[in-house]
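The values are calculated or read from the model by the stated rules, or taken from the named source; none is laboratory data. Here the structure is a predicted model, which means the values were calculated and not measured. Positions of Cβ are backbone-derived with ideal geometry, glycine not excepted, and every protein chain shown enters the neighbour counts. Side chains are part of the model used for accessible areas, which takes the heavy atoms of the whole protein and leaves out ligands, DNA and RNA. Shrake-Rupley method; radii C 1.70, N 1.55, O 1.52, S 1.80 Å.
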Amino acid sequence: MSTGQTFMVIAAMMLLGTLSLSVNTTLINSSSTGLEMEAGLDALSYGQSLLDEILAREFDEKTLTYRAFNYSDLTPIALLGKDNGESIPQPDSSASDDFHSKRKFDDVDDYHNYVRINRNSRLDNFTETTAIEYVQEANPDALALSPTFYKRVTVTISNPYMVKDLNGNVFPLVLWDIAVYRKYF
């Protein structure tokens with residue numbers, strides 16, 4: 001083999017090596033994008049399920065037995081959260097969708113500061129945290145300083161496979177809705 005042929009073989013090997021690195025990088029990026037998309041869809045599903053569970057509950061502990069016609073009839077802001085007898089493990093976790101909250105919580109604000117772990121065999125655990133806050137009736141984006149007939153329910157979901165920023169921090173998915181008490185129905 002001559003010197004020219006040797007250089008051509010070396011150049012071909014370098015080209016092949018560069019091409020294989022490029023293909024591997026593309027495959028890895030494609031795989032990680034696929035996992036991010038799957039994690040995002042699963043997070044959306046888990047979050048919407050929890051949001052639906054919360055909104056299906058009674059508006060307030062005090063409206064379980066009678067109708068409230070005044071804001072003073074509702075639970076004060078400082079007392080939002082679990083009521084006596086509604087103690088559950090924190091975080092509430094399950095691999096089979098059998099969460100304690102489904103059996104113990106009877107009104108929306110019981111979910112204030114609630115933490116749920118959804119076990120997912122493929123994508124690790126999804127962590128859901130909730131916040132329940134009174135909001136102004138005329139502007140549901142603004143928090144109220146006292147009880148109103150509107151409660152904002154916020155569910156934040158995170159998972160290690162979700163989209164990350166440049167520093168490697170996960171961008172959580174945040175879902176929210178408004179629970180409204182209809183006092184005349």
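Please identify the GluC sites (Glu not before Pro) of region 99-137 that satisfy two criteria: DSSP loop assignment and at most 15 other Cβ atoms within 10 Å. Which are they? Could you put the intermediate results ahead of the total?
Working: sites: E128, E133, E137; in loops: E137.
Counting only loop positions with at most 15 other Cβ atoms within 10 Å, the GluC sites (Glu not before Pro) in region 99-137 are E137.
Taking the Cα atoms only, what angle lies between the long axis of helix 3-55 and the longest principal axis of the chain, rounded to 10 degrees?
That helix lies at roughly 10 degrees to the long axis.
Mind telling me which of D165, D52, D98 comes out most flexible in a GNM of the chain, alpha-carbon contacts under 10 Å?
Sorting by GNM fluctuation, first place goes to D165.
Excluding same-chain residues fewer than 8 positions from K82, which aspartates and glutamates have a Cα within less than 16 Å of its Cα?
By straight Cα distance, K82 reaches E53, E58, D60, E61, D92, D106, D107, D109, D110, E133.
So what is the relative contact order for the chain, in percent, with contacts set as C-alpha pairs under 8 Å and at least six apart? Walk me through the intermediate numbers first.
On the way: 282 pairs, mean separation 38.2, N = 185.
Contact order relative to length: 21 percent.
Which log10 I(q)/I(0) values does region 40-95 give at q = 0.15 Å⁻¹ under the Debye formula, counting every alpha carbon as one identical point scatterer?
So the normalised log intensities are -0.64.
Roughly what % of DSSP beta bridges within the chain run antiparallel, to the nearest 5?
Once the DSSP bridges in the chain are tallied, antiparallel ones form about 85 percent.
Cα-based Rg of the chain per 2.2 N^0.38 Å, rounded to two decimals?
Working: Rg = 25.5 Å, N = 185, 2.2 N^0.38 = 16.0 Å.
Scaled against compact globular proteins, the figure is 1.60.
Test of understanding: given the chain, find the longest segment containing no trypsin sites (Lys or Arg not before Pro) that are in a DSSP loop and have at most 14 other Cβ atoms within 10 Å. Numbers along the way, then the final one.
Numbers: sites that count: R67, R122, R182, K183.
By the stated rule (loop sites, at most 14 other Cβ atoms within 10 Å), 1-66.
Leaving out ligands, DNA and RNA, what percent of the accessible area of region 100-148 is carbon and sulfur, probe 1.4 Å? Could you put the intermediate results ahead of the total?
Numbers: 1070 of 2320 Å².
So the carbon and sulfur contribution to the accessible surface is 46 percent.
Roughly how many nanometres apart are two label points built 7 Å out from the Cα toward the Cβ at L145 and R182?
Label at L145, label at R182, 3.2 nm between them.
For the chain, what does the helix formula give at 222 nm: sum of -39500 (n - 2.57) over DSSP H segments with n ≥ 4, over the residue count, nearest 500 deg cm²/dmol? All intermediate terms of the calculation are to be shown ahead of the outcome.
Details: 2 runs with 58 residues, N = 185.
When only DSSP H runs of four or more count, the value is -11500 deg cm²/dmol.
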